[in-house]
Structure formats: C-alpha cells, structure tokens
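Inspection log for the structure reproduced underneath, given as structure tokens.
The values are calculated or read from the model by the stated rules, or taken from the named source; none is laboratory data. Note that this is a predicted model, so its numbers are computed, not measured. Please note that ligands, DNA and RNA were not included when accessible areas were found on the heavy atoms of the full protein model with its side chains. Shrake-Rupley method; radii C 1.70, N 1.55, O 1.52, S 1.80 Å.
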Amino acid sequence: MTAVLNVLALLPAMAPNPIDEGTLRPGLDPSQVTPGVAGFLMSLVLAVAVILLVLDFNRRNRRMRYRAEYAERRAAEEQVGGYTREAPDAPAAGETPGSAAEDPGGPDPRG
C-alpha cells in the first residue's frame with residue numbers, strides 16, 4: 001500500500017511542467033509579467049501600514065483598558081470614602097461651610 005502511495009506521490013514530479021521559463025507568449029519578456037519595483041514598493045507600503053495600524057490599535061486598546069480600570073477604582077473609592085462627584089464643593093458630614101476642609105490651597109480630598 002505504501003509503495004503505491006509513494007509512486008503516486010512521484011507522478012507529478014515526473015510529469016513535464018506546462019509552465020516553463022521559456023514558454024512566454026511571443027512579444028513578452030519576464031520583466032513585463034513580474035510585479036517589479038513598483039509592486040515591491042506597494043507591498044512594502046501595505047505591510048508598513050498594517051504594522052502601524054496594529055500598533056495604534058494596541059495602544060488605543062491599552063489606553064481604554066487603563067481608563068476603565070481607573071474609573072472602577074475611582075468609583076470604588078468614592079463609595080468607600082463617601083465622596084460625591086456631582087457636588088465636589090459640598091462639605092462632608094459634620095462640617096460647616098467655611099471650615100478648614102474648604103481651603104483652596106490644601107490637598108484635594110478627592111484624590
């Protein structure tokens with residue numbers, strides 16, 4: 001069985017190749033049927049563009065993921081710390097307006 005398969009695998013190698021180097025139509029030379037320098041340059045430009053697009057996509061994905069993580073951390077901190085995003089100038093529980101917590105030169109209590 002394997003001998004038959006080996007012979008069948010060799011048949012295409014023994015058959016003459018219908019597309020040979022010297023079988024171009026009359027009037028054509030090999031430089032007219034190859035992509036040439038222009039084809040190479042267009043392929044190079046396309047490859048560089050794809051690489052740059054992939055890098056930009058990864059950068060934007062990473063930035064979006066970091067922003068989502070930051071938003072989650074910020075929301076968790078606001079829930080735990082009791083800070084509200086809607087009214088950042090409102091005094092915390094037990095403080096009166098005009099107290100030291102509203103000092104504009106002090107650290108920002110929201111982080």
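In table form, for the structure just shown:
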read-out	value
Percent accessible area from carbon and sulfur atoms, the range 37-82, protein chains only, probe 1.4 Å	68
Stretch gain in nm, segment ALA49-ASN6, where the contour uses 0.36 nm per residue and the Cα spacing is subtracted	11.0 nm
